[in-house]
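Only the coordinates and a few stated rules stand behind these numbers; no lab work does. Just so it is clear, the structure is predicted and the values come from calculations on it, not from any experiment. Here Cβ is always computed from backbone atoms with ideal geometry, including for glycine, and neighbour counts include all displayed protein chains.
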Amino acid sequence: MPEHLTALDTLLPADFLSQLAALRDARDQLDQQIRAHLAYGREFVGPRPYTLASLADAAGLSISGVRTAYTDADRDAVAQALGRPPRSQT
């Protein structure tokens with residue numbers, strides 16, 4: 001068994017829950033980064049966006065999953081970070 005799993009036996013309950021919460025936070029940050037990458041790939045590259053199929057394959061999602069993975073807020077965050085609007089608004 002990997003070391004990080006065998007070490008679980010030595011943790012106090014509060015430490016275990018703290019580690020689990022930290023893992024959840026890390027997962028949430030990665031999910032947010034994936035949504036931002038998907039928004040970028042669909043709405044900010046040109047002259048054509050990455051295909052839904054290529055993004056789905058890279059992200060481990062279905063094509064319909066890519067379509068619904070990011071929100072307007074995710075797209076707006078990318079626009080703000082880049083300092084430019086998405087292709088559809090230019």
Taking the Cα centre of the chain as origin and charging only Cβ (+1 Lys, Arg; -1 Asp, Glu), how large is the dipole, in debye to the nearest 20? 640
Once you place label points 7 Å from the Cα toward the Cβ at A36 and F16, how far apart are they in nm? 3.4
What does the helix-only formula give at 222 nm for the chain: each DSSP H stretch with n ≥ 4 adding -39500 (n - 2.57), the total divided by the residues, and the result rounded to the nearest 500 deg cm²/dmol? -21000 deg cm²/dmol
Beta carbons within 10 angstrom, averaged per residue: use that to sort the peptides 31-41, 63-73, highest first. 31-41, 63-73
If all Cα-Cα distances of the chain are sorted into 10 Å bins from 0 onward, what percent lands in each bin, rounded to whole numbers? 15, 35, 21, 17, 10, 1
The local net charge around E43, scoring Lys/Arg +1 and Asp/Glu -1 for residues other than E43 whose Cβ lies under 9 Å from its Cβ, equals +3
With a point put 7 Å past each Cα toward its Cβ, work out how far D28 is from A81 in nm, to one decimal. 1.8
Computed over the chain: relative contact order in percent, which uses C-alpha pairs under 8 Å that are six or more apart: 27
